[in-house]
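These notes concern the structure reproduced below.
The values are calculated or read from the model by the stated rules, or taken from the named source; none is laboratory data. The structure displayed is predicted, hence computed values, not measured ones. So basically every Cβ, Gly included, is an ideal-geometry build from the backbone, and we count neighbours across all protein chains shown. SASA here: full protein model, heavy atoms, side chains in, ligands and nucleic acids out. Shrake-Rupley method; radii C 1.70, N 1.55, O 1.52, S 1.80 Å.
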Amino acid sequence: MTLTAAALLVPLLPFAAACGAEKSDGEQPGSGAVSAEQPVTGVRWNVDSVIVDGTTHQAPDGAHLKIEDGKAAGSYGCNNFTAKAVVEGDSVTFSEARATRMACQGRPMTFERALSAALAEGALTTEVKGTTLTLGTADGDQVRLTRD
């Protein structure tokens, strides 16, 4: 595969994901109450895997995501990305996404396509359990991450 062909494999898509509302038991999202759960924002999350159409794609070393101060940044595993992030309740919307177009040997470009496509699905649900974050699409696809 040539560098040109590999560079085209990572789409420059706007994408959407979700953040869990930080709340205590019985409180409504956005009420200002904060639970003991790990926050979704301000945390570097390592991407472990992406499940698309029932197929699990294991993340290469270095794949991560961080949402902070209205911005998202991270790595698909080879290519880096940035976007604006607007957190509303239990979702976050990414816009103006940009990604590098590097071709990295030994890194699965298929994983990068799967992750960028999952994040482009629209608003994702979010579930934080301890140090694990799961983002889910309306179609049942999932991105699994762990706290750095």
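Might you check whether a residue that is open to solvent by less than 70 Å² (accessible area, probe 1.4 Å), part of a loop (DSSP other than H, G, I, E, B), of a type in the set (A, V, I, L, M) and out of contact with any Phe, Trp or Tyr (no Cβ under 6 Å at 6 or more places or on another chain) occurs anywhere in the stretch 101-111?
For the stretch 101-111, residues open to solvent by less than 70 Å² (accessible area, probe 1.4 Å), part of a loop (DSSP other than H, G, I, E, B), of a type in the set (A, V, I, L, M) and out of contact with any Phe, Trp or Tyr (no Cβ under 6 Å at 6 or more places or on another chain): present.
For the stretch 46-80, which residues satisfy the criterion of being more than 11 Å from the chain's Cα centre (by Cα), closer than 23 Å to Asp139 by Cα and surrounded by fewer than 22 Cβ atoms within 10 Å (Cβ to Cβ)? Before the answer, list the steps.
To start, the set of residues in the stretch 46-80 that are more than 11 Å from the chain's Cα centre (by Cα) comprises 51-62, 68-71, 77-80.
Within this subset, residues satisfying the condition of being closer than 23 Å to Asp139 by Cα are 51-59.
Once the filter is applied, which keeps residues that are more than 11 Å from the chain's Cα centre (by Cα), closer than 23 Å to Asp139 by Cα and surrounded by fewer than 22 Cβ atoms within 10 Å (Cβ to Cβ), the stretch 46-80 yields Ile51, Val52, Asp53, Gly54, Thr55, Thr56, His57, Gln58.
Tally up the residues in the stretch 86-100 that are outside any loop (DSSP other than H, G, I, E, B) and open to solvent by less than 50 Å² (accessible area, probe 1.4 Å), please. Step through it out loud before you land on a result.
Within the stretch 86-100, the subset outside any loop (DSSP other than H, G, I, E, B) is 86-88, 91-99.
Keeping just the survivors that are open to solvent by less than 50 Å² (accessible area, probe 1.4 Å) gives 91-92, 94-95, 97, 99.
Number of matching residues: 6.
A single entry from Ala83, Ala123, Ala117 fulfils the requirement of being touching a strand residue (DSSP E or B) at 6+ places or on another chain (Cβ under 8 Å), open to solvent by less than 20 Å² (accessible area, probe 1.4 Å) and of a type in the set (A, V, I, L, M, F, W, C): Ala83.
Of all residues in the stretch 82-96, those that are modelled with pLDDT of 80 or more, closer than 21 Å to Thr125 by Cβ and under 12 Å from the mean Cα position of the chain (by Cα) total 1.
Scanning the stretch 96-114 for residues that are in contact with a strand residue (DSSP E or B) (Cβ under 8 Å, 6 or more places away or on another chain) and not aliphatic (A, V, I, L, M) returns Glu96, Arg98, Thr100, Pro108, Thr110, Phe111.
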